[in-house]
Amino acid sequence: MTSISNVSRGSIIRFRGEPHSIESLVHRTPGNLRAFYQANMKNLTTGKNVEYRFSATEAVDLIVTERKQYQYLYRDGDDFVMMDTETFDQINVPTSTIGDSARFLKEGFMVDIVFSDDGSILESELPTFVELEVTETSPATKDDRATSGTKPAILETGAEVNVPMFILTESIIRVDTRSGEYMERVKK
């Protein structure tokens, strides 16, 4: 147990029996009231966001974690098979742990996996930006390239994103895995 004042953004605590990741933590001292910490947390079990007001002297259970990089190999049913590149051990990571960004996961990508002190997987983080090839999109006409609209495109992982009109099939694009948005075309 440690004081809430010793916890920072990104820390993982046990709150009401479940692991929560601290998204933001703000110390507030309103007028003539006692100081408190306003915390925005993400429940790592359910994925829901939680807001809670901690007393400035309140103690929390800080979970000791280990972060390790794994390489994505292949999909096995609802799980993703990852390999430790140092020991070549393989683990199965459930789809719920990776979340919505799993649609941008390509074989060979490196993924950060956070383990709790008991060895269970708490969360996983894909690279913020990934480069993927456009496998299918409607062809652009000369008029389309002059306007600033968007069109749907299917990527090599099967994910669909909106891209500018000038993007063609076989183009390589950079995508933000957090929001699923097109960032830029990559020149190769």
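Some points to look at:
- Matching residues in region 70-83 - criterion: being in contact with a Ser or Thr (Cβ under 6 Å, 6 or more places away or on another chain) and part of a strand (DSSP E or B): GLN71
- Note on region 2-24: residues that are part of a loop (DSSP other than H, G, I, E, B) and either in contact with a Lys or Arg (Cβ under 8 Å, 6 or more places away or on another chain) or at negative phi (or both) amount to 4.
- Unmet requirement for THR57, which otherwise passes all of (1) assigned by TED's automatic domain parsing to the domain that holds GLU18; (2) part of a strand (DSSP E or B): (2)
- ARG67 falls short of the stated requirement of being free of Cβ contacts under 8 Å to residues at least 12 places away in the same chain and outside any loop (DSSP other than H, G, I, E, B).
- Subset of region 169-188 [surrounded by 15 or more Cβ atoms within 10 Å (Cβ to Cβ) and part of a loop (DSSP other than H, G, I, E, B)]: SER171, THR177, GLY180
- When GLU51, GLU86 are checked against the criterion of being assigned by TED's automatic domain parsing to the domain that holds ASP118, loosely packed, with under 11 Cβ neighbours inside 10 Å and either among the acidic types (Asp, Glu) or in contact (Cβ under 8 Å) with a residue 24 or more places away in the chain (or both), a single residue qualifies: GLU86.
- Of all residues in region 92-102 being under 12 Å from the mean Cα position of the chain (by Cα) and surrounded by 16 or more Cβ atoms within 10 Å (Cβ to Cβ), the one that is farthest from GLY180 (Cα to Cα): THR97
- Condition check for VAL161 on (1) at pLDDT 90 or above; (2) closer than 30 Å to LEU62 by Cα; (3) among the aliphatic types (A, V, I, L, M): one failure, at (2).
- Qualifying residue in region 95-110 (condition: without any contact (Cβ under 8 Å) to a residue 40 or more places away in the chain, of a type in the set (S, T, N, Q) and outside the structural domain of ARG14 (by TED's automatic domain parsing)): yes
- Residue within region 103-116 that is at pLDDT below 85 and surrounded by 11 or more Cβ atoms within 10 Å (Cβ to Cβ) present: yes
- The strands (runs of 3 or more DSSP E) found entirely in region 88-140 that carry 1 or more residues being within 11 Å of TYR70 (Cβ to Cβ) are 90-94, 110-115, 121-125.
- Residue match in region 119-127 (condition: in contact with an Asp or Glu (Cβ under 7 Å, 6 or more places away or on another chain), surrounded by 13 or more Cβ atoms within 10 Å (Cβ to Cβ) and either at pLDDT 85 or above or under 25 Å from GLY77 (Cα atoms) (or both)): yes
The values are calculated or read from the model by the stated rules, or taken from the named source; none is laboratory data. These figures come from a predicted structure and were not determined experimentally. Quick reminder, even Gly has a Cβ in these numbers, built from the backbone with ideal geometry, and neighbours come from all protein chains shown.
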